[in-house]
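Note sheet for the following structure.
What follows is calculated from the coordinates using simple rules that are stated; it is not laboratory data. Note that the structure is a prediction, hence the values are computed from the model and not measured. Positions of Cβ are generated from backbone atoms using ideal geometry, with glycine treated the same way; all protein chains shown enter the neighbour counts.
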């Protein structure tokens, strides 16, 4: 069972702004912060997520379970509005049998 996910970032303040905005549709909020790292938690979705300013950057993939397609759509819109880059429009991914959208954070 997965307990938490951490993403390494090059610019903590830019990443914080991105993840605060991008994860808002899922109810995530910052619950812990110290120099160089912070943690997010959502009451309903259970998995802890965090970011830390350290290398190596990029290369991570995190998937969030959403209740419906509208939430997937709003998550992508929020992530783009927060500075992310569209990496796959919302749609049914037949090879995985689910509806998804893909977005890159400021570190790609």
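Some points to look at:
- Using 0.36 nm per residue and subtracting the Cα-Cα separation, the extra length available between residue 31 and residue 104 on full extension is 24.0 nm.
- Cα→Cβ-extended label distance, 7 Å offset, between residue 4 and residue 87, nm: 2.2 nm
- Where both bridge residues fall in the chain, DSSP classifies roughly 70% of the beta bridges as antiparallel.
- Tilt relative to the chain, helix 69-81 - C-alpha long axis, 0 to 90 degrees, to 10: 40 degrees
- C-alpha center-to-center spacing [segment 1-41, segment 49-83] in angstrom: 10 Å
- Cα extents of segment 48-108 along the three principal axes, largest first (Å): 35, 24, 22
- Of the residues 32, 96, 19, the one that moves most in a GNM of the chain with alpha-carbon contacts below 10 Å is 96.
- Pairwise Cα inverse-distance average, inverted: Kirkwood Rh of the chain (Å): 14.1 Å
- With R₀ set to 35 Å, the beta-carbon distance separating residue 14 from residue 97 gives a calculated FRET efficiency near 0.50.
- Helix-only mean residue ellipticity at 222 nm for the chain, each DSSP H run of n ≥ 4 adding -39500 (n - 2.57), per residue, nearest 500: -7500 deg cm²/dmol
- Taking every alpha-carbon pair under 8 Å whose residues sit at least 6 apart, the chain reaches a relative contact order of 29 percent.
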